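The values are calculated or read from the model by the stated rules, or taken from the named source; none is laboratory data. All values reported here derive from a predicted model rather than from experimental measurement. Neighbour counts run over all protein chains shown; Cβ positions are idealised from the backbone, glycine included. Quick note on the areas: whole protein, heavy atoms, side chains included, nothing else; ligands and nucleic acids left out. Shrake-Rupley method; radii C 1.70, N 1.55, O 1.52, S 1.80 Å.
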Amino acid sequence: MERTLSIIKPDGAEKNIIGKVIERFESAGLRIAALRKIKLSKEDAKGFYIVHKERPFYDSLTDFMSSGSVVVMVIEGEGAILKVREIMGATNPEDAAPGTIRADFAANVEKNTVHGSDSPESAGFEIPYFFPALDIC
Ligand code: CMP
C-alpha cells in the first residue's frame, strides 16, 4: 500500500471537472484517503514547489497555482505513485498519451490540470504539507 499527493489545479477546478478527475483515479482501483478544497497563497505555492525554485517557470507556476481554488488529496493503493502519474499523463499535454487526464483536459505545460508526487521522497514532503496524519483515513 502506497500513498501519494495529488492536486486538481486551478484550471481543473475552474472547468468544473473535479468529479471527472477523481473518477479516473477511483476507477483504476485507487482510494481517496483525504481531500480538501482550498485556495493557496503565493507563499503556500512557493513552499510547495520549492524544489523548482531555480526554474524559469517558478514565478509563473506559483502565480497560477495561487490564482484560484485547488483540490488537494491523498490517494492510496498499490503502486499509487506510478499509477497516478500514468493516469495523469506526461507533464506537457502535447506529449500525454490519449485517454490520460492531461491529454483530455489540460491546456498547456503549466495549466496541466493535475499534479501527482513523482517519488516516495516527494510524497513524504507533499502529503504532510497539506494533511496532518490524523486527517488521513
Ligand atoms: P507538476 O507535475 O505540478 O510539477 C511541476 C509543475 O511545473 C508542472 O506540473 C507544470 O505545471 C509546471 N511546469 C513544468 N515544466 C514547465 C515548463 N517548461 N513551463 C511552465 N511550467 C512548467
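Accessible area per residue of the chain at 1.4 Å probe, in Å²? Let's see the in-between values first.
Details: 7080 Å² over 137 residues.
So the chain comes to 52 Å² accessible per residue, rounded to a whole number.
Got a number for carbon plus sulfur as a percent of the chain's accessible area, 1.4 Å probe?
On the way: 3660 of 7080 Å².
Carbon-and-sulfur percentage of accessible area, whole number: 52.
Computed from the mean reciprocal separation of all distinct C-alpha pairs, what Kirkwood hydrodynamic radius does the chain have, in Å? Can you show the working numbers first?
Working: mean 1/r = 0.0676 Å⁻¹.
Every distinct Cα pair counted, the radius reaches 14.8 Å.
Out of the chymotrypsin sites (Phe, Trp or Tyr not before Pro) in the stretch 16-92, which ones are loop residues according to DSSP with at most 15 other C-beta atoms within 10 Å?
Values: sites: F25, F48, Y49, F57, Y58, F64; in loops: Y49, F57.
Answer in residue order: F57.
Let me have the 222 nm mean residue ellipticity of the chain computed from DSSP H runs of 4+ only, each contributing -39500 (n - 2.57), with the sum over all residues rounded to the nearest 500.
On the way: 7 runs with 55 residues, N = 137.
Theoretical 222 nm ellipticity from helices: -10500 deg cm²/dmol.
Counting only other residues whose beta carbon sits under 10 Å from that of I87, what net charge do I get with K and R as +1, D and E as -1? Working shown, then result.
Details: positive: R24, K83, R85, R102; negative: E86.
In short, +3.
Quick one, what does Rg over Rh come out to for the stretch 1-73 if you take C-alpha atoms and the Kirkwood Rh? It would help to have the intermediate numbers written out before the result.
On the way: Rg = 13.3 Å, Rh = 13.2 Å.
Radius of gyration relative to Kirkwood radius: 1.01.
From zero up to wherever the largest Cα-Cα distance of the stretch 92-132 sits, split into 5 Å bins and tell me the percent of pairs in each.
Spelled out bin by bin, the stretch 92-132 gives 6, 23, 21, 14, 18, 15, 3, 0 percent.
Please report, in Å, the Rg and the Dmax of the stretch 59-118, where both are computed over Cα atoms only.
Radius of gyration, then largest Cα-Cα span, for the stretch 59-118: 11.9, 35 Å.
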